[in-house]
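Working notes, structure below.
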């Protein structure tokens, strides 16, 4: 098991290095620079700015200097926010985004898992079709539509919940978490339904039934663990995806998260910020994929046996 | 699971089960406590007046800092700020400012003339990379120092005669100079604080953080949470603290104007930085509407690249301009929220009225195009219009594309570009027609007209006319009276609009939602907020029901 983890971590290094290299040179190819603005910039001013950010050095040298800083854990100063380092900006944005992602995941697992399991118990009946149709709508409905709809209903008409903010008012975390979680809930619903259906046709389920267990115990004690493996495998990448992809929800609800910094950095040509967030998020994605593989192995006896031998 | 997470998870679940009440609104609480809640566009880049550029930044910096003067929000005339009074020399080239005797920084230090000398040198220091350094160019030798042609800052025309007397020498009489004194690029910063955290020209230091920053304005920094809020509270050392009626201001980075409008509707904001276009009609219908609109010192126009065919022909440029029904654009696309523009300077800039040489004239437009060799659009080589990605720019471009098709029977293709790509295309003149907007830095026609001098950094059209250059650069600054100066501007602008290197479309309007409790916040041409005059009435909050 440990050898497997160590091997995967070693494999991750060239992947992340490749991400850094490609991103570093791609952002430089994009037209326009961090200091371009609507009003013409005086050449002397631009030169002074470029010198402050090492942009006057040859590109290769800039790349090596960046890698050297990165080795020390420094992501460099932001172009857009003078006086702030990229490390600081990521640290400032991460808690809200991570918390939002965790709640969204909770929504996804609880609502989605429940819907999937319920649907799988009576396949091809109303009990199956209704939750699965709702799930299909959930997958198709983009967050930029669902968010404002929820706000209109719960925030403006019913006045139950705040329309924006994060931790400013009681209950302001509910709508963003539901919005972001909905699409993922829909996926988990479909995954858990498929997983459960497969498991329910296995021999050991027939055995469990044959020995006279009530159906709910068959489901909770025997089927659920195997049936949810696809969901667990999905959760790792999903959480990383939630962190990187919460931009729209963060914008709709004015959440001070990482997603807004990430997308704005690209528009602003904030080179260090684009690189910093990309490196950070790609590292997270690698780690979460690994984590979900380990978790899936732990849930699945057949895979666990493999690791045991290794 | 760490304790913080599990606690918030439990709170979250509890809230999901029991629908929580939303508590008292910001506006209700703010009215009682004298705290003004402002939707402020985007997270400010920073708070160093010599580093940042932008409207959200300026709104915050104006509460924290104070220049030599501060504009009256009704008249836009300069009132005493860090300077208690000032006088001009006979030849109007030397201004002597007398500092406020009670002027204090937020740490209690006196605000002196030396602070301004040091700060202006910092603002102009080439190593600073200050994008707004040019605002101080009217000062003698400022430009030479800022561009590295002169290395001795002592030569710049700003001197402290003693602690309380500041003398500024200008290159030439500059009628709008006092206006520049409440632009943040001319603000004083606290030397000891800046030097405590690094080199004076270093952009990366921590001196503007809460707890570090020392300012001389009516308010001081209390709280700064990235992408969440910035709160300022009264500066107890402020010289004019007795007139202040607000106890604090909270700025929210409301990047998404649709969300901002919703926050306003549920009383989370007193004031919005903008209003979504499609909500304007519904807000207008409200009794006692919170929608406030006023002419704003800016023009929306299209740049024409006069160096590329077919736009190198003035007849084609005029045909395109005359075929635009500006009234229809402002009425139908902009919901009647802006005024049609027929020249670059907004009408009424300091009382100046620009020439209107033309109006919507389809027949004349067709005639001009035929004269240029494209009768009824025959043989038209095609044309591309670029704009930066935005729904409202797209709508206007589509409207004009259709007008040109209907009136002139010509094809114009539209191409949207991402912001920085678009900026690059414009500055490299890599376009045929490009969307453009210009907001004045100060109220004077010069701020619009000096864009089109030959080779000007913001010209971007290839327009070049030696007579125009002479009028703007030589004659107007030496005019004896304001009327004479305006007559010279009028003559120059007439030449500009005859050559039509730009197609003016509309004059900007500022648009805000302002809660009825807010007083002392008059609309003005600069969309300028003077926090010293604002106060909040404790009016009952009524529900805002839009159709």
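Every number in this text was worked out from the coordinates using simple rules, so none of it is lab data. Predicted, not measured: the structure shown is a model, and the values here were computed from it. Using ideal geometry, Cβ is built from the backbone for each residue, glycine included, and neighbour counts are taken over all protein chains shown.
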* Asked: Tell me, what is the FRET efficiency for residue A:303 and residue A:217 to the nearest 0.05, using R0 = 25 angstrom and their Cβ-Cβ distance as r?
  -> 0.50
* Asked: How big is the gap, in Å, between the Cα center of the stretch B:466-513 and the Cα center of the stretch A:116-153?
  -> 61 Å
* Quote the relative contact order of the stretch B:62-209 in percent (integer), defining contacts as alpha-carbon pairs under 8 Å separated by 6+ residues. => 28 percent
* Asked: Scaled to the compact-protein estimate 2.2 N^0.38 Å, what is the alpha-carbon radius of gyration of the protein assembly as shown, rounded to two decimal places?
  -> 1.07
* **Shape category assigned to the stretch A:38-145 from the gyration tensor of Cα positions, a/c cut at 1.5** => prolate
* **Alpha-carbon spread of the stretch B:68-150, three principal axes, descending order, Å** => 37, 36, 25
* Structure fact -> Candidates A:101, A:227, A:83; GNM for chain A (alpha-carbon contacts under 10 Å) flags as most fluctuating A:83
* When the convex hull of the Cα atoms of the stretch B:254-388 is projected onto a plane and the area is averaged over all directions, what value comes out in nm²? -> 11.2 nm²
* Structure fact -> Yeah, chain A with a ≥ b ≥ c from its alpha-carbon gyration tensor (a/c under 1.5 is rounded, else prolate when a/b outruns b/c, oblate otherwise) is oblate
* Identify which of A:107, A:27, A:86 has the largest mean-square fluctuation in a Gaussian network model of chain A, with springs joining Cα atoms closer than 10 Å. => A:27
* Structure fact -> The alpha-carbon center of the stretch B:439-455 and that of the stretch A:19-94 are separated, in whole Å, by 32 Å
* Estimated 222 nm signal from helices in chain A, with DSSP H stretches of n ≥ 4 weighted -39500 (n - 2.57), rounded to 500 -> -22500 deg cm²/dmol
* Asked: Any idea what log10 I(q)/I(0) is at q = 0.18 Å⁻¹ for the stretch A:172-211, Debye with uniform C-alpha scatterers and no solvent?
  -> -0.60
* Asked: Which value, in nm² and rounded to one decimal, describes the direction-averaged projected area of the C-alpha convex hull of the stretch B:339-432?
  -> 7.7 nm²
* For the stretch B:297-509, taking Cα atoms only, what is the radius of gyration to one decimal and the Dmax to the nearest whole Å? -> 16.6, 52
* **Rounded FRET efficiency, nearest 0.05, which uses the C-beta distance separating residue B:454 from residue B:327 and R0 of 45 Å** => 0.85
* Structure fact -> If R0 = 41 Å, then residue A:207 and residue A:283, at their Cβ-Cβ distance, give a FRET efficiency to the nearest 0.05 of 0.40
* **Mean-position separation - Cα centroids, the stretch A:192-230 and the stretch B:325-390, in angstrom** => 72 Å
* **Most to least packed among A:64-71, B:365-372 [average Cβ atoms within 10 Å]** => B:365-372, A:64-71
* GNM top mover of A:139, A:156, A:255 - chain A, alpha-carbon springs below 10 Å -> A:156
* Work out the mean other chain Cβ neighbour count within 10 Å for the residues of B:415-425 and drop it here as an integer. => 4
* **Alpha carbon convex hull of chain B, projected area averaged over orientations, nm²** => 29.0 nm²
* Kirkwood-based Rg to Rh ratio, the stretch B:396-531, C-alpha trace -> 1.04
* How many nm separate the modelled label positions at residue B:314 and residue B:541, each set 7 Å beyond the Cα in the direction of the Cβ? -> 6.0 nm
* Once you have the Kirkwood Rh of the stretch A:221-289 from its Cα pairs, apply Stokes-Einstein at 37 °C and 0.692 mPa s and quote D in µm²/s. => 242 µm²/s
* Structure fact -> Yeah, the stretch B:425-476 with a ≥ b ≥ c from its alpha-carbon gyration tensor (a/c under 1.5 is rounded, else prolate when a/b outruns b/c, oblate otherwise) is oblate
* Cα→Cβ-extended label distance, 7 Å offset, between residue B:258 and residue B:473, nm -> 4.8 nm
* Label-point gap, in nm, between residue A:194 and residue B:79 - each point 7 angstrom along Cα→Cβ -> 6.8 nm
